[in-house]
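Novice: Pasting in a structure now, in structure tokens, and then I'll have a few things to ask.
The values are calculated or read from the model by the stated rules, or taken from the named source; none is laboratory data. Given the structure is predicted, the values throughout are model-derived calculations rather than measurements. Virtual Cβ from ideal backbone geometry, glycine too; neighbours counted across all protein chains shown.
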DNA sequence: CTAGGGTGTTACCGGTCTGTAACTTCTAGA
DNA sequence: TCTAGAAGTTACAGACCGGTAACACCCTAG
């Protein structure tokens, strides 16, 4: 029975989860594969049996992150079925909570900054995943009945992205502390148009 | 006469300028001191005669960047003497131009993301320089007669920071393309309050 | 002309990194 | 119980990193 051994997670998944956590905390170039495998309670050979390279592992981590984000959006829909405006407010609240709890920014944005080589294989993935997130936010704004949905969604995107990076450079008392106020103000303002 | 040899820039300054450029393009961890000195037409020993360590060099680069930003602000004042609102619009225009021309984000923000160690010596410097930039923007907004000067300044800060990082992850056709429209709209909106 | 400081050159240290090879051990399924 | 494949272990290759030592050079101020 494979469920009986389900508590013992497969090495591949342990590596993936550990790598996500460590990449998030210390950056991609800030952590080596040895450190990841050790923290995951396994070894380097096992890593390279499941992933072609470190870059491949990075990409899989980003996909996993996007997957987690998907789950968030499904939660919004589940908690406020049909009420797109409430879902938009839930998005703002979630974003603010992440800001407060986390401290380190968006994995994809951080990776994009760290992996400055324009032809890095992860860049394609980052772009396409970020694009998907953008499209979804635009869709939510539009379905919430906002006229200039794209402009609002893009503004909210930039605000959140900016808050995440500002949190790391200026700190928690910096501009990012006002994120919710800005976002809610913007939504109100766009609804009135 | 030392001015006669001024065309031949001092190795220290060549290293500093080259390092700024390379750190900006490839990130701090993405470029080694050997590559910097070679590109600067000198060698590693000379670098370490002028800078205590690579971290020290990084910090000096960030200070130099802040210095360049200072020059920008003086240009605003020189071009629109006394007219703070015009200076604010000039700031927006400058920011947008940087976005279009550059592609890579703010050196300080990028450094903050890359140097994830919370006790890294550069972090203090980044925080204090970013704080100074924020204070100056707040002052400009206030002097321009805007009521909620802090909120506007912080919103503009986050928008710009977000646009810079979005440019690297989603690309030029992403949300950052609307930066000017957002910023100008915000200024108008805040002036009307 | 000369002395001395700034600079260039070469070699090296110890460490870390990604990635691989060869071999042993474990474990699940027939 | 036996076997095949997954996982662990050890060692290593080759490259790059930050930083230092020793020494030769050049150029300018006196």
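Novice: Evaluate region A:31-47: report whether one residue or more is within 8 Å of DNA strand C (Cβ to nearest atom), under 23 Å from residue A:168 (Cα atoms) and under 23 Å from the mean Cα position of the chain (by Cα).
Specialist: Within region A:31-47 (the criterion being within 8 Å of DNA strand C (Cβ to nearest atom), under 23 Å from residue A:168 (Cα atoms) and under 23 Å from the mean Cα position of the chain (by Cα)), the answer is yes, since at least one residue qualifies.
Novice: With the structure loaded, tell me whether residue A:125 is over 30 Å from residue A:26 (Cβ atoms) and either touching a helix residue (DSSP H, G or I) at 6+ places or on another chain (Cβ under 9 Å) or assigned by TED's automatic domain parsing to the domain that holds residue A:75 (or both) or whether it fails that test.
Specialist: Here the answer is no, as residue A:125 does not meet what is asked.
Novice: I'd like to verify a number: residues in region A:10-38 that are modelled with pLDDT under 95 and part of a helix (DSSP H, G or I), how many?
Specialist: Selection size over region A:10-38: 1.
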